[in-house]
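Engineer: Here it is, the structure, as structure tokens.
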Amino acid sequence: MSNRPDNPSTVLLHWRRSTSKGAHLCGATAKGVLKGLPLPKEILGFNRFQLNIGSYQKQWDPEAHPVDSFHIPKSAHYKLQSGRNPWVIDSIAPDFVAAGYKTSILLDTSRGRGKQGKNWDQASMDIPTGFAGGIKPENVADRIQEIATKHPKFFICAESGLRTNDQFDPAKVRACVEACITV
């Protein structure tokens with residue numbers, strides 16, 4: 001659980017554009033999704049959800065709560081965050097795809113700590129996969145080249161590498177984007 005005001009442990013709301021709203025679901029809310037509980041009414045109109053479920057394998061009973069019975073919007077895009085446990089890639093992500101949900105996977109063993117991911121070799125070849133952990137302006141071009149040689153459909157996710165003194169740093173974001181353009 002993080003005490004940072006921009007990363008609460010329940011629901012973190014992001015707005016990319018006024019027409020695109022997303023929610024970062026973790027803790028009790030993510031566990032609730034796996035148990036077939038409805039989403040909080042405040043976020044029902046959102047169209048992007050990141051489900052931080054990598055450590056909740058024991059919370060999901062696919063017999064009692066198959067993915068196609070989840071009370072979540074079919075029209076939304078779901079990014080399933082996997083920590084150290086490959087069950088997200090092996091079990092629930094394919095079920096999300098089979099149930100007709102727009103799905104991607106985020107491999108993040110670092111959990112926002114800025115350490116390079118240790119599970120990048122677990123990536124799915126069939127489901128778009130994101131790579132997180134230790135990505136920053138100084139190494140993003142190398143990381144992209146490394147990932148692209150093995151995975152045709154991917155995205156990157158950076159958090160701590162784009163901060164200075166634990167604050168979002170627009171200059172680092174600009175440097176990261178410029179480094180990506182060179183690849």
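Residues checked against (1) assigned to a loop (DSSP other than H, G, I, E, B); (2) surrounded by fewer than 17 Cβ atoms within 10 Å (Cβ to Cβ):
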site: Glu63; (1), (2): yes, yes
site: Ile72; (1), (2): yes, no
site: Ser75; (1), (2): yes, yes
site: Lys79; (1), (2): no, no
site: Ala93; (1), (2): no, no
site: Gly100; (1), (2): yes, yes
site: Ile105; (1), (2): no, no
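Engineer: Looking at region 153-175 only, could you name the residues that are touching a residue at least 24 places away in the same chain (Cβ under 8 Å), farther than 21 Å from Lys79 by Cβ and in a loop (DSSP other than H, G, I, E, B)?
Structural biologist: Asp166
Engineer: Could you check region 46-59 and list, in sequence order, the residues that are modelled with pLDDT of 85 or more and either assigned to a loop (DSSP other than H, G, I, E, B) or not basic (Lys, Arg) (or both)? Steps first, please.
Structural biologist: Within region 46-59, the subset modelled with pLDDT of 85 or more is 46-53.
The answer is Phe46, Asn47, Phe49, Gln50, Leu51, Asn52, Ile53.
Engineer: Looking at region 128-152, I want the residues that are modelled with pLDDT of 85 or more and assigned to a helix (DSSP H, G or I) and have a partner that is of a type in the set (Val, Ile, Thr) and surrounded by fewer than 18 Cβ atoms within 10 Å (Cβ to Cβ) with Cβ atoms under 6 Å, at least 6 apart or on another chain. Which pairs are those?
Structural biologist: Pairs found: Ala141/Thr182; Ala141/Val183; Ile144/Val183.
The values are calculated or read from the model by the stated rules, or taken from the named source; none is laboratory data. It should be emphasised that the depicted structure is a prediction, and the values quoted were computed from it without experimental measurement. Using ideal geometry, Cβ is built from the backbone for each residue, glycine included, and neighbour counts are taken over all protein chains shown.
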